[in-house]
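Take a look at the structure below.
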Amino acid sequence: MWTDRAFFQSTVNLVFGMLADKIEQELIADREQLRGGKFDIAAMTSSIPQMRDQYRANVQWIDAQLADGRRFMCGDQISLCDINAYMNIWYVRTNLPILDQLLAEFPATKGWEARMRAIGARHVHGNVDGRGTRDRHARDAHHRRTRRSP
C-alpha cells in the first residue's frame with residue numbers, strides 16, 4: 001500500500017531529518033539493527049526540502065480523494081485506507097510543529113484529519129474533547145524520550 005512505502009518513507013525522513021539534533025544514539029542503533037543498514041540522519045536532514053515536497057504530494061492525493069465531500073477516503077465509512085494514511089499525518093502531528101503549515105492548502109485533508117483524530121480520542125479517552133489530548137500526550141512522551149540533558 002502506498003501509505004507504507006512512499007508516504008511513510010517521506011514521513012520518516014521528514015520527521016527524523018527535522019529532529020536530527022534530538023535523536024539519541026540508542027534510537028539510531030535500534031533503527032539500524034531493525035533495518036539491517038545505516039540509519040543516516042545526516043542524509044535525512046539534507047533531504048528535508050525533497051521529503052517535504054513528497055509528503056505534500058501524498059497529502060494532495062488524500063485531498064483529491066476527499067474533494068467530492070466524502071467524509072473518508074473510500075466514502076462515508078472509515079476504511080483501512082484512512083487508517084494507513086492517517087498514521088503518517090499523526091506521526092508528523094505528534095513530532096513536529098509544522099503540520100498545520102503543511103496542511104494549510106488542503107482543507108479537505110484538515111477536516112479528515114480532525115475526524116480521524118476524533119475517532120482515536122474517543123477510543124482512547126472515552127470521549128472526543130476536541131483538544132487533541134491523545135496527540136498532546138504522545139507528543140509529550142516523545143519529547144521526554146528525545147530531550148537531552150544539558
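Nothing in this text is a laboratory measurement; each read-out follows from the coordinates by a stated rule. In this text the structure is predicted, and so the values were computed from the model without any measurement. Here Cβ is always computed from backbone atoms with ideal geometry, including for glycine, and neighbour counts include all displayed protein chains.
List every residue pair whose Cβ atoms lie under 6 Å apart, where the two residues are 6 or more positions apart in sequence or sit on different chains, the first residue falls within region 56-83 and is on the phi < 0 side of the Ramachandran plot, and the second residue, located anywhere, is in a loop (DSSP other than H, G, I, E, B) and hydrophobic (A, V, I, L, M, F, W, C).
So the pair list comes out as Val59/Phe106; Asp63/Phe106; Gln65/Met73; Phe72/Ile78; Cys81/Met73; Cys81/Cys74; Asp82/Met73.
Give me the pairs: first residue in region 1-20 and farther than 19 Å from Ile83 by Cα, second residue basic (Lys, Arg) and surrounded by 15 or more Cβ atoms within 10 Å (Cβ to Cβ), beta-carbon distance under 8 Å, and six or more apart or on different chains, which are they?
Correct list of pairs: Leu14/Arg52.
Each row is one residue, and each column tells you yes or no for (1) over 18 Å from the mean Cα position of the chain (by Cα); (2) more than 27 Å from Gly120 (Cβ to Cβ).
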{"residue": "Gln33", "(1), (2)": "yes, yes"}
{"residue": "Gly36", "(1), (2)": "yes, yes"}
{"residue": "Pro49", "(1), (2)": "no, yes"}
{"residue": "Tyr55", "(1), (2)": "no, no"}
{"residue": "Gln60", "(1), (2)": "no, no"}
{"residue": "Ala67", "(1), (2)": "yes, no"}
{"residue": "Arg70", "(1), (2)": "yes, no"}
{"residue": "Met73", "(1), (2)": "no, no"}
{"residue": "Leu80", "(1), (2)": "no, no"}
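Here's the yes/no breakdown for (1) touching a Ser or Thr at 6+ places or on another chain (Cβ under 9 Å); (2) surrounded by 18 or more Cβ atoms within 10 Å (Cβ to Cβ):
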{"site": "Phe39", "(1), (2)": "no, yes"}
{"site": "Asn58", "(1), (2)": "yes, yes"}
{"site": "Ala67", "(1), (2)": "no, no"}
{"site": "Arg70", "(1), (2)": "no, no"}
{"site": "Asp82", "(1), (2)": "no, yes"}
{"site": "Arg93", "(1), (2)": "no, yes"}
{"site": "Pro97", "(1), (2)": "no, no"}
{"site": "Leu102", "(1), (2)": "no, yes"}
{"site": "Thr109", "(1), (2)": "no, yes"}
